[in-house]
1. Please state the relative contact order of the range 402-523 as a whole percent: Cα pairs under 8 Å, 6+ residues apart?
2. When all protein chains stay in place, what accessible area (Å², nearest 10, 1.4 Å probe) is found for LEU80?
3. What number, in nm² with one decimal, is the all-direction average of the projected area of the convex hull of the alpha-carbon atoms of the chain?
4. Jot down the per residue volume, in cubic angstrom and as a whole number, of the convex hull over the alpha-carbon atoms of the range 90-150.
5. Within the range 82-137, list the trypsin sites (Lys or Arg not before Pro) lying in a DSSP loop whose Cβ has at most 15 other Cβ atoms in a 10 Å radius.
6. With a 1.4 Å probe and all protein chains in place, put HIS89, HIS268, HIS483 in order of accessible area, largest first.
7. How long are the semi-axes of the ellipsoid equivalent to the range 211-339, from square roots of 5 times the Cα gyration tensor eigenvalues, in whole Å, largest first?
8. Restricting to DSSP H runs of at least four residues, report the calculated mean residue ellipticity at 222 nm for the chain, -39500 (n - 2.57) per run over all residues, nearest 500 deg cm²/dmol.
Amino acid sequence: MENKRVAIIGAGISGLLACKYTLEKGFIPIVFEASNEIGGVWTQTIESTRLQSPKRTFEFTDFPWPSSVRGRYPHNTDVLKYIEAYAQHFELLPYIQLNTKVIGIDYVGVSDEEMDSWNFWSGNGKPFGSKGKWHILVQHAEDFTTQDYEVEFLILCVGRYSGLPNIPEFPIGEGPDVFSGTVIHSMEYSAMDNESARELIKGKRIAVIGSQKSAIDIAAECAAANGPGNPCTLVQRTIAWALPNGCFWWGINLGFLYGSRFSELLVHKPGQNIIYSALATVLSPLRWGFSKFVESYLRWNLPLKKYNMVPKQSFLQDMSSCKAFLLPDNFYGKVEEGSIILKQTQCFSFCKQGLIIDGEVDEPIKADLVIFATGYKGQEKLKNMFASKSFQNYIMGSPKSIVPLYRHIIHPRIPQLAIIGYSGSITNLHTSEMRCQWLAHFLDQSFKLPSIKEMEKEIEMWEIYMKKYAGKEYKRACIAALHIWYNDQLCKDIRCNNRRKKSFYDEWFQPYVQSDYVGLSPN
């Protein structure tokens, strides 16, 4: 194995985990990171950002949080320090090249015709089954020189939430070009240091466009800076279920409803047998009841109806598409005092003074600054990395599909390459660590992959599941409502026990957490 070179692109959480677990298997990885520090998205967050999930669910399996970090949802500075401490503890820093941007990747040594003839991934279903190699062209930020690397295996850990911002297109004369103020994307705002960000928003009339976590957080930050005197207008197209702080709802822990093995019995699962399918059908009223139970608590706890913020879709649908998120502290308090103005619309345009909502040209929303918190083109960013047109088409899939990955890691038709971090979950750290453990065992040849047709059939089953439960948002690859079932498949591939709890009650009714998956290895 010592002559097998493994390259990792990205030194965020997924990249560090991939580095750590490949090292444990005897490989010598090389990690390319475009920025000047490790940590990925946690190096570029707005000042108020905290963890979205409780601290105990966002923890490396073999590296606990320091006792000095208190509170259920640590601040972003504590999260970044924790990530940096992890890299130092496992001595990962010598393998990371900072300020090194990957500007192209190309698979050479095997023709497209030969790859099309394969029945198995890389020819035989093994990590190094083909004579092909990956060429990686990087640019060093210090002197802008380029360098070419050749490796036998490549792991992409570039993430979905960075790099290529998604900004809506507008007809001529209705876009940002007619606006007299400033227009930026949340990516630019998050990249600012805290002092520059405060200076940017101070004393300004601000409109934030978006429905997800970044939009809500930025609006709350603008409201805190300017108060009712210069209220922030939050313009949303789709309202998502947003969760208040706290773990007990009507006296029940949310983890019991959506984080236990029993809760997953209520959902039709990809690749399930007839017994599981029958149970999910029979228990469908309970599945509906769980969703309504959560919705009733949120309606009671938050003034959703008062401000026309009741989502049209079910809570289960938002969970299945990874859209539910945690509200900032006192969000509706800021709405009540007039620091945040909520607007819901399917159509808006720009004018010189600001925004026109639903064609109301006589009553524009006046603004000095408009911030698009409208997400990223993650799939397109991934596609643009490849030199091969065939691989670009494979990554994009169909217009109505997700990035088609077996086990949400391997593309069946792109050899000697893995992608970590393109499918959401309840906690992305845990999911990335599970995937990196699985990948390390695969690289160590503990198991081989099934045929290309079998892998594509598995991908199709996951897509059917997501279409069924996530509705129109199924393109957001998400395993949040089935993370135990998903982990079961990874454990079975590795040939380790997928039932990780000590008792029958714990196995079926206690939420699964990272500590249940420490040190996965074949029985």
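1. On the way: 114 pairs, mean separation 34.6, N = 122.
The value is 28 percent.
2. Rounded to the nearest 10, that gives 30 Å².
3. On the way: hull surface 101.9 nm².
Spelled out: convex hull of the Cα atoms, projected over all directions, averaged, 25.5 nm².
4. Details: hull volume 6.5 nm³, N = 61.
Hull volume normalised by residue count: 106 Å³.
5. On the way: sites: LYS101, LYS131, LYS133; in loops: LYS131.
Filter output for the range 82-137: LYS131.
6. On the way: HIS89 110, HIS268 35, HIS483 15 Å².
Most to least solvent-accessible, the answer reads HIS89, HIS268, HIS483.
7. Values: eigenvalues 232, 39, 28 Å².
So the three semi-axes of the range 211-339 are 34, 14, 12 Å.
8. Values: 18 runs with 177 residues, N = 523.
Calculated from helices alone, the mean residue ellipticity at 222 nm is -10000 deg cm²/dmol.
The values are calculated or read from the model by the stated rules, or taken from the named source; none is laboratory data. For clarity, every value in this text was computed on a predicted model and none was experimentally measured. Ideal geometry is used to build each Cβ from the backbone, glycine not excepted, and the neighbour counts take in all protein chains shown. Heads up: the accessible areas ignore ligands, DNA and RNA and are worked out on the full protein's heavy atoms, side chains in. Shrake-Rupley method; radii C 1.70, N 1.55, O 1.52, S 1.80 Å.
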